[in-house]
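Just so you know, all these numbers are worked out from the coordinates, no wet-lab data involved. Since the structure is predicted, the reported quantities are computational estimates derived from the model, not experimental observations. Here the Cβ positions follow ideal geometry from the backbone for every residue, glycine too, while neighbour counts run over all protein chains shown.
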Amino acid sequence: MKKDKKQLRIGIVAGELSGDILGEGLIKALKAHFPDAIFEGIAGPKMQAQGCKTLFDMDELSVMGLVEVLGRLPRLLKIRKQLVQHFIDNPPDVFVGIDAPDFNLRVEKPLKDAGIKTVQYVSPSVWAWREKRIHTISAATNLVLALLPYEKEFYDKHQVPCTFVGHTLADDIALEHDDSQARSQLGLNADDKVLALLPGSRGSEVGLLSETYIKTAAQLQTQNPALKVVVPLVNEKRKAQFIAILNATAPSLNVNLLDGQSNLAMQAADAILLASGTATLEGMLYKKPMVVGYKIKPISYWIFKTLFTFNIKYFSLPNLLADEELVPEFLQSECNVANLTAALTPMLNSDNKELKARFLAIHEKIRLDASKQAANAVAELINAN
């Protein structure tokens, strides 16, 4: 079936809110190359506002956790099958899967086999623990768009086409900050010492980390009674869960609980104690000293240690980006009150000038206008014959 060259068609699938934001930026930037292009696939509200037609509701893909996924599996498989068939019957000039690798790579593979160019925007975390998965990615894609430079190094090593586009968070967050506005919004004074606690967004994280975090904050408040502690919680469920642990652990802790507002809490803080994940990148972009403390269930930890070969020296993004330990990391039994307190104390009592300079240098390195870079790479692939 010959492609109609008159009007370019771009297939695009986002599986959750973060993907919808990336998709919005990518569609805007692609329109600069192809003003009349048609976009269709699975889109959230932001992508739809850019004119992308959605064939299914994005929320149907936004399932987390093994048990939840199993319950939704028949529907997910049906969506995948219909989507693949739609694009094989109506071949787009390129297909872009945004994040959601478990879904998207399985869409990309049959499309690539049918001669359609495919792109995976956001690398799956292969570099960490499933190195064999690189072959799956290679078979499913013509190009991977990586947000972080060490990911590109990994693909280059395995000779899988990959373009480093930079990270959209690094574009969105300014290189330099005046924290006074964030402080006044949270009712804090300019000369307050402030510690932010971010015990994660999932119930399992809040359950495993909060007690240790609360005891650490209490210890630091004993050392400095004027220390202000702010805790942003992602929703009402997590807030109730945290309050229950707070009441059982240190009911007299002087603490300010926030609804969401994690970006404000980070900006207002002198130091941050937080779980692993994207929040560590955000904290670094706000140039904040931080300590990363993380725990997973002992059985899960044992399975990971036993069954997967870890190729990583660090698990927090600032350290992975620097390839050295810029921020202290404590995992499992090492994530205890004594270690966390000892690591946070000097951060709360110095200007951390050198660390902030290192964070700024990394920020500059990954601030490339990701949407524009991604669109350039996709346009190049479309135009290459």
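With a simple spin-label model that places each label point 7 Å from the Cα along the Cα-to-Cβ direction, the separation between Ala361 and Leu17 comes to 3.5 nm. Once the chain from Gln181 to Ser125 is taken as fully extended at 0.36 nm per residue, the excess over their C-alpha distance is 16.6 nm. Here segment 182-302 is treated with +1 on each Lys and Arg Cβ and -1 on each Asp and Glu Cβ, and its dipole about the Cα centre works out to around 200 debye.
Size descriptors for segment 180-366 (Cα atoms only): Rg and Dmax, in that order, 15.9, 49 Å.
Scanning residues 5 or more positions from Cys162 or on other chains, those with amide H under 5 Å from its amide H are Val144, with H placed 1.01 Å from N in the peptide plane. In the chain, a dipole from Cβ-located charges (positive for Lys and Arg, negative for Asp and Glu) runs towards its positive end, and of Leu73, Ala244, Ile98 it is Leu73 whose Cα lies farthest in that direction.
Mean sequence separation of contacting Cα pairs (under 8 Å, at least six apart), scaled by the length of segment 115-231, corresponds to a relative contact order of 18 percent. Helix 370-383 and the longest principal axis of the Cα set of the chain meet at an angle near 20°.
Report the calculated FRET efficiency for Asp113 and Ala174 (r = Cβ-Cβ distance, R0 = 51 Å), to the nearest 0.05.
Working: r = 44 Å, r/R0 = 0.87.
Efficiency for this residue pair is about 0.70.
Exactly which chymotrypsin sites (Phe, Trp or Tyr not before Pro) in segment 266-375 are in a DSSP loop and have at most 10 other Cβ atoms within 10 Å? Answer by residue number: Phe310. Taking the number of Cβ atoms within 10 Å of each Cβ as an exposure proxy, the fewest-first ranking of Ser184, Ser276, Ser371 is Ser184, Ser276, Ser371.
Multiplying the residue separation of Lys313 and Ala244 by 0.36 nm and subtracting their alpha-carbon distance yields 21.3 nm.
I need Ser210, Ser333 ordered by Cβ neighbour count within 10 Å, fewest first.
Ranking Ser210, Ser333 by Cβ neighbours within 10 Å, fewest first, gives Ser333, Ser210.
Counting beta carbons within 10 Å around each of His86, His363 and listing the fewest first gives the order His86, His363. Selection among Leu198, Ser262, Leu55 by position relative to the dipole of the chain gives Leu55 as farthest towards the positive end (Cβ unit charges, Cα centre). If you plug the beta carbon distance of Leu257 and Asp102 into 1/(1 + (r/R0)^6) with R0 = 25 Å, you get a FRET efficiency near 0.15. Charges were assigned to the Cβ only: +1 to each Lys and Arg, -1 to each Asp and Glu. The resulting dipole of segment 173-235 about its Cα centre is roughly 240 debye.
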